[in-house]
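Q: The structure's right below; bear with me while I get my questions together.
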Amino acid sequence: MQTNQPISIRRLLSRFFLLLAVSLAGCAPSGKFDFAEHDRVALIGNALAERMQYHGFLETYLQASYPEKELVFRNLGFTGDQAAHRPRAHENYGDADEHLSRVKANVIFAFFGYNESFDDTPEKFGQQVREWIDSTRLKKYDGVNVPRIVLFSPIAHENLESPDLPSGEENNRRLEAYTEAMAAAAAEKQVVFVNLFEGTKRLYEESKAPLTLNGIHLNEKGNQEVARLITVELAGAEPGIRQAQFDKLRKAVLNKNGRWFNRYRATDGNDVWGGRSELHGNFETLQRELVMLDSMTANRDKRIWAVARGEKGVQVVSDEEEPFWGVWESWAVDTTIDDSNVPEPVKVVSNFKGEVVYLSGEAAIDKMHLAPGLEINLFASEEQFPEIANPVTVKRDTKGRIWVASWETYPKREPLKEMKDRLVILADSDRDGVADKSTTFARVHNPTGFEFWNNGVIVVSAPNILFLKDTDGDDKADERIVLLGGIDAADTHHSANNLFYGPDGFIYYQRGVFMLSNVETPWRKNYEARKPGLYRFNPRTYQFDFVVENSPNAHGISFDKWGYQFITDGTSGRASQVYLDPETHGSAGPDDFKTRQLFQQTVRPVPGNQVLSSTHFPPEYENNFLIYNVIGFLGIKRYQLTYDNGVVQGKEIGDLIYSDDPNFRPTSGVIGADGALYISDWQNPLIGHMQHNIRDPKRDHEHGRIYRITATGRPLSEPVAIAGEPVEKLLDLLQHPVNEVRHQVQIELSGRDREEVISKAKEWVKQFDASDEAGAHAMLEVLWLHQRQNKTNPELLGKLLGSPVEHARIAAQRVEWFRKYQEKEMAAHSQAGLAAGADTTERTSPAEGAAHAHAAGDTAVGAKTVDLSGESQAVLSIATIPERMLFDTKEVIVKAGQPVKLTLKNPDFMPHNLVVVSPGAADEVAQLAIDMGGKGFEKQFVPQSSKVLHATRLVNNNEEQTLEFKAPSKPGDYPFLCTFPGHGTMMRGIIKVIN
C-alpha cells in the first residue's frame with residue numbers, strides 16, 4: 001500500500017496502534033478475554049496454530065482456567081496457511097468458512113503473519129487482516145453470533161546460535177513490522193490482540209533451554225511457555241491446578257486432539273473428498289467415518305470437562321496402553337470412554353470375485369523362481385511375528401538388525417479400531433538367517449518410509465515427518481518430534497516414501513499426484529507445491545526443496561557408490577537418472593537438476609528400486625540395478641548399468657526372483673550384515689487404491705513376510721561392527737567395498753560430535769591421492785561426510801574437481817553446486833545494506849536487495865565509501881563481513897596514478913580473494929573463474945585475462961594479504977570482486993579513479 005507520509009511518522013503511528021491494541025486487549029476487568037459458557041473456539045492459521053494441538057498445552061491451560069464453562073476447542077491450523085491464501089489439495093475438502101461453520105465457531109483464534117512476512121510488505125498484510133476481520137464479522141458460524149476474534153502476532157525467530165540455521169535477525173526485522181501492522185489492524189477494528197512477538201523475545205532471553213526446534217517452530221517446552229503466556233494475557237492469570245490434575249487434563253486434551261486430527265486432517269483425502277471418492281462407494285464409506293470421528297471427538301470433550309472440574313473416577317487411557325508421548329494419536333482402543341453413540345461404519349461388500357488363498361511363508365517358497373545360483377529362506381513372517389503384517393519397506397541399522405515399516409491399517413486407520421502400524425526391529429541373535437526376536441520401536445500411522453539419522457529414526461506419518469529416538473537403550477522410542485509438517489496426506493499410496501539419507505546430508509523422498517505440500521522453513525517463504533516427484537529436506541538445517549518432477553506416482557530412490565542417483569515411478573515403472581545439468585553454469589538454481597531415462601521399462605508398477613552391492617553375491621551381481629514389481633510380474637528384475645561421461649544407462653539382464661503366488665508383492669530390499677538380500681513381501685491379494693473400495697474386506701491386514709536371498713555355495717559376509725565404534729575405525733570403513741556398510745557408517749557419524757568427526761576426517765583423508773580410483777573414492781566419502789555435517793572443505797573439493805577419475809569429478813561438481821546453494825541461502829539472510837547508522841526503516845527483502853545490488857554493480861549497498869584521493873598514498877583495509885558474503889567497503893575514491901596499498905582482511909569462515917578488474921568486466925571475470933572448475937584452486941581462482949588488473953590469493957579465515965599498485969591512469973569505475981565461484985555476484989565494490 002502506497003503512502004506519502006514520512007517513514008518516521010508511519011513508524012510512530014504503527015507503534016501507537018500497537019500500544020492501543022495492547023490496551024484494548026486489557027479493556028475487560030483484569031485484562032481478561034471474556035469466555036462465555038459453551039464457547040466454541042477455533043484455532044486457524046499456520047504451523048504455529050497447527051502444532052499447538054500436538055502438545056495440548058493451550059487448551060489445557062484454558063480449560064483449567066474455566067472449568068465450569070465447558071469450552072470446545074477445534075484446531076483448524078494448517079502449515080503454510082496465510083490470512084489471504086489457504087490452499088487445499090481438493091476443492092471438495094471445503095474452504096475456511098465451511099470448516100468454521102462445521103465446528104460452529106463463535107470464537108476464533110487467528111495465527112498469521114510468518115509466511116506472509118517473507119513478502120516484506122507489512123502494509124499489504126495489515127490490509128489483508130482488516131479485510132479478513134470485516135469478512136468474518138459478516139458470518140455467523142454457529143448460526144446465532146458474530147464470532148469474536150483474537151489476533152495473535154507471529155512469534156519471534158529464536159537465535160539458536162547454530163551454524164546450521166539462520167540467526168533470525170533478518171526474519172525478526174520483518175516479523176516485527178508485521179506484528180506492528182497486525183496491531184494497527186486490531187486497534188482499528190477493536191479486536192483483541194496478543195503480541196507473541198515481544199512475548200517470545202522475552203521468553204527466549206529468560207529460558208536456559210531452546211524453545212524452538214529451528215528458530216521458528218516451537219518445541220514442547222516452547223509450546224508450554226507460549227500457552228502460559230497466552231493464558232495470562234486472556235485469562236489474567238495461570239490456573240490454580242495441581243500438577244497431577246494438569247497432567248491428567250492434558251492427556252484428555254491430547255486424546256481428543258488425536259481423534260479430531262484424524263477427522264479434520266483425514267489421510268487419504270483423495271478417496272474422502274477427491275476424484276477417487278466416486279469409485280466403489282468410497283464417498284459414502286469414508287464420509288461415514290468422518291461422522292464417527294466427530295462423535296468420538298465430542299465424547300472426549302465431555303471427559304475434558306469432567307477432568308477440568310476435578311470429578312472423581314474419570315479415567316484417561318493409561319501410559320501402559322499408549323506411546324511415550326501420551327495419548328496423541330493414541331493407537332489403543334479407548335475402553336475408558338463410552339463411544340456407544342458413535343454410528344456404525346458402512347458395511348462394504350467386496351468386488352473382488354476371485355478366490356483368495358494364502359500360502360504359509362514356507363509353502364510360498366515353492367512358488368518362487370530364482371536366478372541360477374541363488375536360494376531363498378523365510379527370515380520372518382506373520383506366523384511368528386504378527387506385528388510385521390503388510391511390510392512396506394525394510395532397512396538395516398548400524399547394529400546390523402533388520403527394521404520393518406509395518407502398515408497394517410493400510411490405507412489408513414479405521415475409527416474405533418486399534419492402530420497397528422509400527423516400526424519393528426527384527427534380530428537374528430544366533431545368525432542362522434532366521435529372525436528370533438521382534439521389538440516394536442514405535443507405533444506410527446501410515447509409515448510409508450523411514451531412514452536412520454543422528455542416533456534416531458526419521459519416519460513419514462503424513463502430513464508430518466517425525467523424528468523418533470530411543471534415549472535409554474530399550475529399543476523403544478521415547479522421544480518424538482514433528483520434524484517437518486505440511487507434506488500432505490491427500491493420498492496415502494502417493495505419500496512421501498522411500499526416504500534416503502543422501503550424500504549431501506539431505507533426506508530424499510518421493511511423492512505422487514493429488515497432493516499439495518506446503519512446508520514452512522526458517523529460510524524462506526513457505527514452499528507450496530502440487531508437483532509430484534523427488535523432494536529433499538535437510539534435518540540438520542531444515543532446508544526444503546523440490547528436485548525434479550516424476551509423475552504420477554513417484555516411488556523408489558537409490559544412489560550408487562559414486563553418488564549417481566536413480567528414481568522410479570510406481571505407476572509407469574519408468575526409471576530415471578537424476579543428474580546435475582552441466583549447462584547450469586554454477587547458478588545453483590531451483591531447476592538445475594534434470595532426469596533422463598535409465599532404460600526402457602518392461603514391467604510396472606514399481607514400489608521401489610535398489611543398487612545391489614554385496615561381496616557375498618557373485619561379481620556379476622555387483623552394482624546391478626534392481627526393480628521391485630508388484631502386479632503382473634511379481635518379482636525383482638536385474639539391470640546392468642554402464643557409464644559414459646556421467647550418463648548412466650541400464651540393460652535388462654534377467655530376473656532375480658519372481659513368484660507364481662498371486663499374493664506375492666515384493667516392495668523393497670536391503671543388504672543385511674551377512675551380505676544376503678532381505679526383501680519385504682506385502683503379501684496381499686488386493687493392491688492399489690483405484691480397483692476396490694478402501695475398506696474392501698478382502699484387503700489383507702494380517703499377512704507379511706521378510707525373505708532372505710543368498711548365493712549358493714558362497715561364504716556369507718562377516719558382519720562389520722559400526723554402532724558405537726571409534727571415529728577412527730569408522731573412517732577406515734569408508735573404504736569398505738559394500739555400499740550399505742559405508743552408508744551405515746555415514747549414518748553413525750551423523751550422531752557423533754561434529755568437530756571431532758571433521759578434524760579426524762581431515763587428517764585421515766591426507767593419505768589418499770585423487771589420481772587413482774580407490775583414493776578418489778575415499779576422498780569423495782570424506783567430502784560427502786563434510787556435506788552431511790554441514791561443513792565445507794574447499795581444498796578437498798578442488799582436488800576432486802580436478803581428479804582424472806571421471807566419476808569422482810562428476811560427484812564433486814554436485815558437491816560444488818550444493819556449496820553455492822548454501823551460500824545463496826546464507827546470503828539471503830544477510831542484512832545487505834544495513835551498515836551501522838544507516839536508515840533501517842525502508843528496506844527490500846534480502847533476495848530483492850541482492851538482485852538490485854547486482855544490477856547496479858554494487859552488492860555491498862549501504863557499506864562504507866572511502867575517499868583517499870587527497871592522500872599521497874591511498875592506504876586502506878577492506879574486510880569481509882562474516883556470514884554475509886559481502887565486503888565492508890562499497891567504494892574507494894583515488895586519483896589517477898596514485899599509489900595504493902590495499903589490505904584484504906578475511907574474518908569470514910570461507911576463503912575469499914579480491915580481484916580488481918577493468919571497467920564493466922566484473923561479470924565476465926566472475927564467469928571465467930567459475931569456468932576454471934577444480935583447477936581454479938591452483939590459480940587461486942584468478943583467471944588468465946587482460947581484464948584482471950590486480951589480485952590477491954585466496955585468503956583463508958582470519959588471514960590477510962596486502963596489494964601495492966598504482967591506480968590506473970584513466971579515470972573510471974574499476975570493479976573489485978571476489979572471484980571464488982559463487983561469490984562474485986554478491987561480493988563487489990568499486991575503485992573510482994578521478995583526475
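Q: Among the candidates Glu362, Glu408, Glu344, Glu414, single out the residue that is within 36 Å of the chain's Cα centre (by Cα) and surrounded by fewer than 18 Cβ atoms within 10 Å (Cβ to Cβ).
A: Checking each option against the conditions leaves just Glu414.
Let's see how each residue does on (1) out of contact with any His (no Cβ under 6 Å at 6 or more places or on another chain); (2) over 23 Å from Asn75 (Cβ atoms); (3) not in a loop (DSSP other than H, G, I, E, B):
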position: Glu98; (1), (2), (3): yes, no, yes
position: Glu116; (1), (2), (3): yes, no, yes
position: Leu138; (1), (2), (3): yes, yes, no
position: Asn145; (1), (2), (3): yes, no, no
position: Arg173; (1), (2), (3): yes, yes, yes
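Q: Looking at region 121-168 only, could you name the residues that are farther than 18 Å from Thr200 by Cα and small (Gly, Ala, Ser)?
A: Here is the first cut: in region 121-168, the ones farther than 18 Å from Thr200 by Cα are 121-149, 162-165.
Listed by number, the residues that qualify are Gly126, Ser135, Gly143, Ser162.
Q: Still on this structure, please answer the following. Among the residues of region 647-654, are any among the polar types (S, T, N, Q) and over 25 Å from Ala405 (Cβ atoms)?
A: Going residue by residue through region 647-654, those that are among the polar types (S, T, N, Q) are 649.
Keeping just the survivors that are over 25 Å from Ala405 (Cβ atoms) gives 649.
Yes, region 647-654 contains at least one residue that is among the polar types (S, T, N, Q) and over 25 Å from Ala405 (Cβ atoms).
Q: Can you name the residue in region 46-71 that is among the hydroxyl-bearing types (Ser, Thr, Tyr) and in a helix (DSSP H, G or I) and is also surrounded by the most Cβ atoms within 10 Å (Cβ to Cβ) among such residues?
A: Here the residue is Thr60.
Q: If you don't mind, there's one more thing I want to ask. Run Ala967 past the list (1) surrounded by 22 or more Cβ atoms within 10 Å (Cβ to Cβ); (2) under 26 Å from Thr792 (Cα atoms) and report the number of the one that doesn't hold.
A: (2)
Q: For region 336-385, what are the residues that are among the hydroxyl-bearing types (Ser, Thr, Tyr) and within 24 Å of Thr267 (Cα to Cα)?
A: Ser350
Q: Is there a residue in region 605-613 that is surrounded by fewer than 20 Cβ atoms within 10 Å (Cβ to Cβ) and of a type in the set (Gly, Ala, Ser)?
A: Among the residues of region 605-613, not one is surrounded by fewer than 20 Cβ atoms within 10 Å (Cβ to Cβ) and of a type in the set (Gly, Ala, Ser), which makes the answer no.
Q: May I ask you to verify whether Gly984 is assigned to a strand (DSSP E or B), within 21 Å of Ala863 (Cβ to Cβ) and among the small types (Gly, Ala, Ser)?
A: No.
Q: Follow-up question, since we're still on this one. Filtering region 283-319 down to residues that are among the basic types (Lys, Arg) and not in a loop (DSSP other than H, G, I, E, B), which residue is nearest to Phe246 (Cα to Cα)?
A: Arg303
Q: If you go through region 102-123 one residue at a time, how many are out of contact with any strand residue (DSSP E or B) (no Cβ under 7 Å at 6 or more places or on another chain), surrounded by fewer than 21 Cβ atoms within 10 Å (Cβ to Cβ) and either among the hydroxyl-bearing types (Ser, Thr, Tyr) or closer than 14 Å to Arg40 by Cα (or both)?
A: Number of matching residues: 2.
Q: Return only the number of the condition from (1) closer than 30 Å to Pro582 by Cβ; (2) part of a loop (DSSP other than H, G, I, E, B) that Gly897 does not satisfy.
A: Of (1) closer than 30 Å to Pro582 by Cβ; (2) part of a loop (DSSP other than H, G, I, E, B), only one is false for Gly897: (1).
Q: For Gln82, only one of the following conditions fails: (1) in contact with a helix residue (DSSP H, G or I) (Cβ under 6 Å, 6 or more places away or on another chain); (2) over 20 Å from Arg530 (Cβ atoms); (3) of a type outside the set (Lys, Arg). What is its number?
A: Going through (1) in contact with a helix residue (DSSP H, G or I) (Cβ under 6 Å, 6 or more places away or on another chain); (2) over 20 Å from Arg530 (Cβ atoms); (3) of a type outside the set (Lys, Arg) one by one, Gln82 breaks only (2).
Q: Here is a follow-up. When you scan region 724-732, do you find a residue that is touching a Ser or Thr at 6+ places or on another chain (Cβ under 8 Å) and surrounded by 20 or more Cβ atoms within 10 Å (Cβ to Cβ), even just one?
A: no
Q: Please go through (1) touching a Pro at 6+ places or on another chain (Cβ under 6 Å); (2) at positive phi for Lys104 and return the number of the only condition it doesn't satisfy.
A: (1)
Q: Modelled with pLDDT under 95 and either outside the structural domain of Gly274 (by TED's automatic domain parsing) or under 30 Å from Arg511 (Cα atoms) (or both): which single residue out of Glu68, Glu91 fits that description?
A: Exactly one of Glu68, Glu91 is modelled with pLDDT under 95 and either outside the structural domain of Gly274 (by TED's automatic domain parsing) or under 30 Å from Arg511 (Cα atoms) (or both), namely Glu91.
Q: Go through region 954-980 residue by residue and tally those that are closer than 17 Å to Ala926 by Cβ and assigned to a loop (DSSP other than H, G, I, E, B).
A: Of the residues in that region, 4 qualify.
Q: Just checking, how many residues over region 531-559 are in a loop (DSSP other than H, G, I, E, B) and either in contact with a Lys or Arg (Cβ under 7 Å, 6 or more places away or on another chain) or over 21 Å from Ser576 (Cα atoms) (or both)?
A: So the answer is 7.
Q: Further, regarding this structure: Go over the candidates Asp478, Asp472 one by one and state the one that is surrounded by fewer than 22 Cβ atoms within 10 Å (Cβ to Cβ) and either within 25 Å of Leu48 (Cα to Cα) or not assigned by TED's automatic domain parsing to the domain that holds Thr393 (or both).
A: Numbers: Asp472 fails: either within 25 Å of Leu48 (Cα to Cα) or not assigned by TED's automatic domain parsing to the domain that holds Thr393 (or both).
Going through Asp478, Asp472 in turn, just one is surrounded by fewer than 22 Cβ atoms within 10 Å (Cβ to Cβ) and either within 25 Å of Leu48 (Cα to Cα) or not assigned by TED's automatic domain parsing to the domain that holds Thr393 (or both): Asp478.
Q: OK, next. Considering only region 286-305, state which residues are among the charged types (D, E, K, R), buried (at least 17 other Cβ atoms within 10 Å of the Cβ) and within 20 Å of Thr336 (Cβ to Cβ).
A: Asp294, Arg300, Asp301, Arg303
Q: Being within 21 Å of Tyr628 (Cα to Cα) and within 11 Å of the chain's Cα centre (by Cα) is true for just one of Tyr542, Tyr527, Tyr508. Which residue is that?
A: Tyr508
Q: Next question, about the same structure. Which pairs do you get when a residue that is under 27 Å from Asp39 (Cα atoms), found in region 73-93, comes within reach of a residue that is aliphatic (A, V, I, L, M) and crowded, with 24+ Cβ neighbours inside 10 Å, reach meaning Cβ atoms under 6 angstrom, with the pair 6+ apart or on two chains?
A: Arg74/Ala42; Asn75/Leu43; Leu76/Ala42; Leu76/Ile44; Gly77/Leu43; Thr79/Ala47; Ala83/Val129
Q: Kindly indicate whether any position in region 127-137 is touching a residue at least 60 places away in the same chain (Cβ under 8 Å) and farther than 23 Å from Leu229 by Cα.
A: Yes: one or more hits.
Q: Which of the residues spanning region 634-666 are closer than 15 Å to Phe566 by Cβ and not β-branched (Val, Ile, Thr)?
A: Matches in region 634-666: Lys637, Arg638, Tyr639, Gln640, Leu641, Tyr643, Gly646, Gln649, Gly650, Lys651, Glu652.
Q: With region 567-671 as the region, which strands (runs of 3 or more DSSP E) entirely inside it contain at least 2 residues that are touching a residue at least 60 places away in the same chain (Cβ under 8 Å)?
A: The qualifying strands (runs of 3 or more DSSP E) are 575-580, 608-611, 625-629, 635-644, 647-659, 666-671.
Q: Scan the helices (runs of 4 or more DSSP H) fully inside region 184-268 and keep the ones with 2 or more residues being surrounded by fewer than 24 Cβ atoms within 10 Å (Cβ to Cβ), assigned by TED's automatic domain parsing to the domain that holds Lys312 and of a type outside the set (Lys, Arg).
A: On the way: elements: 196-206, 220-235, 243-264.
Filter on region 184-268 gives 243-264.
Q: For region 699-714, what are the residues that are surrounded by fewer than 16 Cβ atoms within 10 Å (Cβ to Cβ) and touching a Leu at 6+ places or on another chain (Cβ under 8 Å)?
A: Answer for region 699-714, where residues must be surrounded by fewer than 16 Cβ atoms within 10 Å (Cβ to Cβ) and touching a Leu at 6+ places or on another chain (Cβ under 8 Å): just Thr712.
The values are calculated or read from the model by the stated rules, or taken from the named source; none is laboratory data. Remember, predicted model here, so these are calculated numbers, not experimental data. Ideal geometry is used to build each Cβ from the backbone, glycine not excepted, and the neighbour counts take in all protein chains shown.
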